[in-house]
Structure formats: C-alpha cells, structure tokens
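Undergrad: There's a structure below that I have some questions on.
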Amino acid sequence: MINTKDSIKKIFENLCEDDYKTIADFHLHTTASDGKIPANQLLEQARKKGLKYFSICDHNTFDGYKLINLQDYPELITGIEFDCWYRGIFLHLLAYGTDINSEDLMPFLAKNKLETEKDIIRFFARRNVKDLIKAIHNAGGIAILAHSACCWTINHEHFVKCMLDVGLDGLEVYYPYKRHRGIIKFHTIKSIKMIAEKYNLIKTGGTDTHGELI
Ligand SMILES: [Zn+2]
Ligand SMILES: [Zn+2]
C-alpha cells in the first residue's frame, strides 16, 4: 500500500492521460458497495490486466478492504467515494490515501448496506463537505471531486473555486464518461483538465468499474 500523502501526490503527478488507459485505475467498485466482484478477486483481475496502480473506491465504505491484506498490494492506494451535496449540487467526493480505520472518518461512513448501494438512498446523503474534507485531511488523505465532467454545474470553474475554499485538493480528470447510468455529461475532459491546471490541482483518473476488470 502506498500511504504517505507525498508519495501519493507524486504518483498522480507523474501519470498522464494514456497511463489511465493502460496502467492506472483509481476508481473501482466492489461488492462492498454496488459492484459485482469482491475486492480480493477484483484486485487479482487488476494485476492480471497489468495495472501498476489502483484503488478501490466503494460508496461510503471501506468494507472492501477487509477482504484483502494491504501489505500484499504495494501498488494500492486506499480510496473511498462519498455522496454529498455542496451549494445545491449533488456530488461524489473521492478520498485517497486515508487511514481506513480513521476515527475522523467514522461519522461519514455508511450506516448500513443500502447507503453503499442504492442511488436513491445515497442521494439523500447529509454530509457537510467542509467537515468531510477536514476529516479526510486529518485521516492523512486527499479530497478529489469525482467524475468532475458529470457535475450538474453551469459554471464549473466557479464551483471548483468554491470547493477550493473548503479544502478540495484535486479533480478526477481522466474518466471514460460513457454516460454511466445515463448521467448527463455537462463538461469535457479537456475543460476539466484546464481548470485543474489553472488552479494547480491534483489530477486523478479511473474507470468507475462496477463489474469485471477484463
Ligand atoms: Zn461516482
Ligand atoms: Zn464510483
């Protein structure tokens, strides 16, 4: 497991768009939330696929990590994807590199299985983004706005700027944007990348796979 903030930042800094098509995927779902494959099997598939860096980011839970031995995966960065609202916009916030047993994050974790898998339940999430990002930082991690181009924002740059005020560290730039579950795509990878670079934000990427990694 890669676990210091600096080493994680360095990895994200050194990866480019093509790497996310071949060796890196920091957005995988497992049966701990609404994915189809248990974490241990999915990570074996990730290795077989040739991924050099990866992360499980289940919705509001670290339960997937209970199925694996972190020491067995030196190429793994811990992750999670929180449902929350900010300034009237529903969003997904990724956290990377946190201690998965952090007391700071406990209040923000799912209270039951439905909060990890049912969109309609997750949509009513009541997490204060400022407090959540503070907890992510206290837990040793970084906070990233997930699939940024899917955000239902009119002026995305302004929205990102507002999120910087509450501690956001970066944007998930490299993402397949296949209108996953019919989500409306408001922005493009290019426009998100420009915002990330303008404000010197960390750029991450992942497939948001909910099934097999083959
Ligand atoms: Zn998401
Ligand atoms: Zn996701």
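Laboratory data are not the source of any read-out in this text; all were calculated from the coordinates shown. These figures come from a predicted structure and were not determined experimentally. Positions of Cβ are backbone-derived with ideal geometry, glycine not excepted, and every protein chain shown enters the neighbour counts.
Undergrad: Evaluate the charge dipole of the chain about its Cα centre and quote only its size in Debye, nearest 20, assuming +1 on the Cβ of each Lys and Arg and -1 on the Cβ of each Asp and Glu.
TA: The dipole magnitude comes to about 520 debye.
Undergrad: Continuing with this model, one more query. Using only DSSP helix segments of four residues or longer, with each worth -39500 (n - 2.57), what per-residue ellipticity at 222 nm results for the chain after dividing by its residue count and rounding to 500?
TA: Rounded to the nearest 500, the figure is -8000 deg cm²/dmol.
Undergrad: Tabulate in residue order the Karplus-calculated ³J(HN,Hα) for the stretch 8-19, using 6.51 cos²θ - 1.76 cosθ + 1.60 with θ = phi - 60°, rounded to whole Hz; enter x for Gly and Pro.
TA: 5, 4, 4, 4, 4, 4, 8, 8, 10, 3, 5, 4
Undergrad: Sort 143-155, 100-112, 16-28 by packing, meaning the average of other beta carbons within 10 Å per residue, with the highest value first.
TA: Output ranking for 143-155, 100-112, 16-28: 143-155, 16-28, 100-112.
Undergrad: State whether the chain is rounded, prolate or oblate according to the following rule on the C-alpha gyration tensor (a ≥ b ≥ c being the square roots of its eigenvalues): a/c under 1.5 gives rounded; otherwise a/b larger than b/c gives prolate, and the remaining case gives oblate.
TA: Cα axes put the chain in the rounded bin.
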